[in-house]
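Written below as structure tokens is the structure these notes are about.
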Amino acid sequence: MTNKLSHDEFVPCAPEQPGSVHVHHCKQGPGKNKMYVTRLDNGNIIAFCHHCNSSGFYGIRNNANAANSTDASSHIRVSSFQGKGGYGSAPFSIPADSEGRALVWPKEPLDWARQYLTLDQLSDSPLTYSACEQALIFPMINADYPHTLVGFQLRKFPENEPKYLTNRNNSLALDTPIDPFYTALSKTLVITEDWISAYKAALAGYDGLPLMGANLRESQFVHLLKFKYERYVIALDNDNPLIRRQQRTLDTRLSGYAPTLLLKLTKDLKEYSLDDIKDLIE
């Protein structure tokens, strides 16, 4: 029986140019480096471990095949666009050089993102990197405006002040709301401050909404009511008195429409594993 390797197990070991290497996998020690990792001429990567009969494949693609994925992220609706890098149209869109293949990102943004998401999850996400902006790009959408980007947030590398910058589409009203990450699997909405935390909540099986801050605007509040959620989970960072007050305000406001759960987190939600997120919420 052949087992499946996760991308994290073999993709970082692949040679940069076409060819093969053999590395340690499930056994350590001299002569036990029996996992062969090959980069093909078309850039795709294949791997096989002769000790445990595990194999893996990584396609250099733009996620056009994500709909065939069995990963949880394939069930998350993040926009009306197909694939990566197709967010928005002139005159407002994400940077033209945005790159969706996480494997070719520079080391610093890739290492940062991999603290929270695996290579598989990054590959199936709408997250991209712009070399011109030296930033990861987090798109914000609203399905009421097909093919129109509401805005995007940049996370700069190397770190500058400010570390995050948000660009809004000036052709839309400033208070245009954004859609949650919609799983179609849950009637629970998890509200977070940041994009990755909301996306990770969706990977755990819940809808997730990033506030891109700590305030729930009136237009965003009204927009959420359309989804008829049966429970709201408030998962802000809990790192200062102002945020804690904002959490209580959200709790009071949303509890009039559905039961609420206010999480008192010791770290950002994105820093928890998917299993831990489920445990926190359930």
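The values are calculated or read from the model by the stated rules, or taken from the named source; none is laboratory data. Just so you know, these numbers come straight off a predicted model, no measurement behind them. Here the Cβ positions follow ideal geometry from the backbone for every residue, glycine too, while neighbour counts run over all protein chains shown.
At-a-glance table
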item: Residues of the stretch 267-277 classified as at pLDDT 95 or above and among the basic types (K, R), total; result: 1
item: Selected residue (only one of L203, L254 is out of contact with any strand residue (DSSP E or B) (no Cβ under 8 Å at 6 or more places or on another chain) and crowded, with 19+ Cβ neighbours inside 10 Å); result: L203
item: Considering residues of the stretch 175-185 that are over 21 Å from Q247 (Cβ atoms) and part of a loop (DSSP other than H, G, I, E, B) only, the residue modelled with the lowest pLDDT; result: A184
item: Test: residue in the stretch 225-246 that is in contact with a Pro (Cβ under 7 Å, 6 or more places away or on another chain) and among the acidic types (D, E); result: no
item: Criterion (among the hydroxyl-bearing types (S, T, Y), assigned by TED's automatic domain parsing to the domain that holds Q121 and either over 18 Å from the mean Cα position of the chain (by Cα) or within 24 Å of D124 (Cα to Cα) (or both)) met by exactly one of T148, T183, T192; result: T148
item: Candidates S273, S255 - the one that is over 26 Å from Y164 (Cβ atoms), without any contact (Cβ under 8 Å) to a residue 24 or more places away in the chain and not assigned by TED's automatic domain parsing to the domain that holds T118; result: S255
item: Any hit, the stretch 239-248, residues being in contact with a Ser or Thr (Cβ under 6 Å, 6 or more places away or on another chain), farther than 26 Å from L110 by Cβ and not in a loop (DSSP other than H, G, I, E, B); result: no
item: Only one of Y145, Y199 that is assigned to a loop (DSSP other than H, G, I, E, B) and aromatic (F, W, Y); result: Y145
item: Enumeration of residues in the stretch 234-251 that are basic (K, R) and surrounded by 14 or more Cβ atoms within 10 Å (Cβ to Cβ); result: R244
item: Complete set of residues in the stretch 90-138 that are in contact (Cβ under 8 Å) with a residue 40 or more places away in the chain, surrounded by fewer than 19 Cβ atoms within 10 Å (Cβ to Cβ) and either outside the structural domain of E161 (by TED's automatic domain parsing) or of a type in the set (D, E) (or both); result: E108, D120
item: Contacts under 6 angstrom Cβ, first residue in the stretch 9-27 being more than 22 Å from Q121 (Cα to Cα), partner in a helix (DSSP H, G or I), 6 or more apart; result: V23/C13
